[in-house]
Amino acid sequence: MKLNIKDTFNKELPADPNKNNTPRKVFEACYSYVTPRIPSNPKIIHVADEVAEMLELERDTTSEEFLNVFTGKTVYPKTAPYAMCYGGHQFGHWAGQLGDGRAINLAEIRVNGKPWALQLKGAGETPYSRTADGLAVLRSSIREHLCSEAMHYLGVPTTRSLSLALTGDEVLRDMMYDGNQDYEKGAVVCRVAPSFIRFGNFQLLTARKDIKNLQNLTDYTIRHFHKDIQTEGKEKYIAFFQKVVNASLEMVLHWQRVGFVHGVMNTDNMSILGLTIDYGPYGWLEGYDPNWTPNTTDSQHHRYAFGNQPGIVLWNLVQLANALFPLIEDAKPLEAILESYQTNFDKKYVEMMFKKIGLAEIKTGDEQLIEDLEQNLQLTETDMTIFFRELPRIQKKNTPQEAFQKIHKSFYKPIGLAGATTDAWTTWFTKYIDRLQEESDRDETRKFKMYEVNPKFVLRNYMAQLAIDAADKGNYEVLNELYEVLKRPYNEQPEFEKWYAKRPEWARNKVGCSMLSCSS
Ligand code: AMP
Ligand code: MG
């Protein structure tokens, strides 16, 4: 296996001089060197073949060296693995230093002119592990591996996942934080992204008044990831902030489009490149409910609920603006950028929703149509994915009643719908079909355009849980099958029709299928 190593982060930014792997506060450094823990009996259970191809490793995935390097058993020659130092706001409160407690960056490679950082998650303690073990369990690693790839194929900016491996070690976890500890199988995934830098990397340096390294890190990020920024001085940092705002906006817009709920949008889980990062207690909307959160830790305040995500991105961007302030020392341009986030988001959100309902040309009154739709979707439990995938089947010649029948299968309790619910839908479909008459596209054309933005297959929590339950018993068939289905989420794939279904009733309150804790 030949990796084209081109390390930059650990070459251009200051290292923690202490090389011991003991928990500590790390000052005036961006990372600490650390060696991955040696797994007792590593076994690769899944490789994302297209990620392997992207990295030109497709001929190596069955080799001993691939297994060893991507499970942490051996360190690739001439590399110096490290854990990053960062802080963050957790659930709205400044938490100080956090850092890569169980992620270890192996190296950066360059393939076809593109930089890729390779990072193991679950490969043991680092100086940032605090009191935790640095490990990850099979269940959460399957969720991270599958969802990273599913998001990529949905067209959502995300970190990727090359491989999923068992370590052969057992990991003690209290899954529901209720005092019932149990041993689970340990696992490691190898994540792949141009960079894993987070908002929190900048925040921690500013919090500690280490402005020299704040500037080092910001210059590094611009130099490597925003080569088109040509200005200097404070203009350069303002342009950089604008880029982060734009990328973060695009990311959350996609989340709202596909019904993804991240679950833990702390500033340490916000990628500076606008990638979805750190798949923990995430979930997918089944019943359309803006107030829904999959994360048990957030069940009281719903801070990270579906409908709050765009606002939370803004809140996080405000924290990043504060972190970058010492480089700019002028609040006005930062405030202007933050203010434009809201207007831009609202505009793009409406455009996105128009696409979802198949309107090519925007006319007056259309915004009301979207608002009414969002209200209707909450009248009775209505599956978001199925609703938007069935909507394209409505034709200009349909009556409101026929249209209503076509989306009927998205209701969780289709029998005995309240009269008010039926009335509201009839009213909406009357307006919608009227409005369709003004569209120049033919029904078939509109349908295919709508299919391109409304996925048929998403990684519902119960699906991931079925893959987990089987994998726990050594059967990887469901895992393999889901990976294949989720590679083409917008295609009909009739052979996989069984995965185009509402959440089954058994999954409604089952652990892992409806609510998840952060324990992973
Ligand atoms: P999260 O919100 O899950 O992204 O994690 C928040 C912080 O806790 C990060 O600094 C993680 O690296 C750290 N962390 C989470 N789980 C573990 C673990 N099992 N061992 C060490 N650190 C962890
Ligand atoms: Mg994290």
Quiz item: For the range 487-509, what are the residues that are touching an Asp or Glu at 6+ places or on another chain (Cβ under 7 Å) and more than 17 Å from residue 283 (Cα to Cα)?
Solution: 490
Quiz prompt | Residues that are surrounded by fewer than 19 Cβ atoms within 10 Å (Cβ to Cβ) and away from ligand 2 (no atom under 14 Å from the Cβ), drawn from the range 77-106 | solution = 77, 78, 79, 80, 92, 93, 94, 96
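Suppose the filter is in contact with a Leu (Cβ under 7 Å, 6 or more places away or on another chain), outside any helix (DSSP H, G or I) and away from ligand 1 (no atom under 16 Å from the Cβ); does residue 455 pass it?
Numbers: in contact with a Leu (Cβ under 7 Å, 6 or more places away or on another chain): yes; outside any helix (DSSP H, G or I): yes; away from ligand 1 (no atom under 16 Å from the Cβ): yes.
Against the criterion (in contact with a Leu (Cβ under 7 Å, 6 or more places away or on another chain), outside any helix (DSSP H, G or I) and away from ligand 1 (no atom under 16 Å from the Cβ)), residue 455 qualifies.
For every residue, the table says whether it meets (1) assigned by TED's automatic domain parsing to the domain that holds residue 192; (2) over 19 Å from residue 187 (Cα atoms); (3) within 14 Å of ligand 1 (Cβ to nearest atom).
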residue	(1), (2), (3)
58	yes, yes, no
64	yes, no, no
69	yes, no, no
75	yes, no, no
107	yes, yes, no
110	yes, yes, no
136	yes, no, yes
Exercise. Residue by residue through the range 182-207, note down the ones that are touching a Leu at 6+ places or on another chain (Cβ under 9 Å) and farther than 28 Å from residue 48 by Cβ.
Key: 182, 202, 203, 204, 205, 206
Exercise. State whether one or more residues within the range 41-52 are open to solvent by 50 Å² or more (accessible area, probe 1.4 Å), within 25 Å of the chain's Cα centre (by Cα), away from ligand 2 (no atom under 16 Å from the Cβ) and not assigned by TED's automatic domain parsing to the domain that holds residue 470.
Key: yes
Practice problem: Can you run down the residue pairs with Cβ atoms below 6 Å, 6 or more apart or on separate chains, where the first is in the range 217-244 and over 20 Å from residue 329 (Cβ atoms) and the partner is part of a helix (DSSP H, G or I)? | Solution: 220/12; 226/243
Self-check item: Any chance residue 140 is open to solvent by 10 Å² or more (accessible area, probe 1.4 Å), among the polar types (S, T, N, Q) and either within 9 Å of ligand 1 (Cβ to nearest atom) or not assigned by TED's automatic domain parsing to the domain that holds residue 266 (or both)
Solution: yes
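State which residue is surrounded by the most Cβ atoms within 10 Å (Cβ to Cβ) when the search covers only the range 473-505 and only residues that are acidic (Asp, Glu) and in a helix (DSSP H, G or I). Break it down into steps so the answer makes sense when it comes.
Narrowing the range 473-505 to residues acidic (Asp, Glu): 477, 481, 484, 492, 495, 497, 505.
Then keep just the ones that are in a helix (DSSP H, G or I); that gives 477, 481, 484, 495, 497, 505.
Numbers: 477: 10, 481: 17, 484: 12, 495: 8, 497: 10, 505: 9.
Per the criteria, the residue is 481.
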Quiz item: Of the residues in the range 75-111, how many are in a loop (DSSP other than H, G, I, E, B) and touching a residue at least 24 places away in the same chain (Cβ under 8 Å)?
Solution: 15
Practice problem: Select, from 74, 79, 62, the only residue that is of a type in the set (S, T, N, Q) and in contact with a strand residue (DSSP E or B) (Cβ under 6 Å, 6 or more places away or on another chain). | Solution: 79
Quiz item: Hey, among the residues in the range 400-409 that are of a type outside the set (Lys, Arg) and open to solvent by 60 Å² or more (accessible area, probe 1.4 Å), which one's nearest to residue 456 (Cα to Cα)?
Solution: 405
Quiz item: If you take just the helices (runs of 4 or more DSSP H) that sit entirely in the range 194-287, which of them hold at least 3 residues that are touching a helix residue (DSSP H, G or I) at 6+ places or on another chain (Cβ under 9 Å) and within 16 Å of ligand 2 (Cβ to nearest atom)?
Solution: 199-207
Practice problem: Among the residues of the range 262-312, count how many are within 16 Å of ligand 1 (Cβ to nearest atom) and hydrophobic (A, V, I, L, M, F, W, C). | Solution: 7
Quiz item: Out of curiosity, is residue 24 in contact (Cβ under 8 Å) with a residue 60 or more places away in the chain and open to solvent by 20 Å² or more (accessible area, probe 1.4 Å)?
Solution: yes
Exercise. For residue 169, state whether it is within 14 Å of ligand 1 (Cβ to nearest atom) and closer than 30 Å to residue 470 by Cβ.
Key: yes
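What helices (runs of 4 or more DSSP H) completely inside the range 341-450 contain at least 3 residues that are out of contact with any strand residue (DSSP E or B) (no Cβ under 6 Å at 6 or more places or on another chain) and over 29 Å from residue 315 (Cα atoms)?
384-390, 400-406, 419-436
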Quiz item: Within the range 247-261, is even one residue over 30 Å from residue 66 (Cβ atoms), open to solvent by 20 Å² or more (accessible area, probe 1.4 Å) and within 16 Å of ligand 1 (Cβ to nearest atom)?
Solution: no
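The values are calculated or read from the model by the stated rules, or taken from the named source; none is laboratory data. Given the structure is predicted, the values throughout are model-derived calculations rather than measurements. A quick note on method: Cβ atoms are made from the backbone with ideal geometry, for glycine too, and the neighbour counts reach across all protein chains shown. Accessible surface is based on the protein model in full, side chains and every heavy atom, while ligands, DNA and RNA are left aside. Shrake-Rupley method; radii C 1.70, N 1.55, O 1.52, S 1.80 Å.
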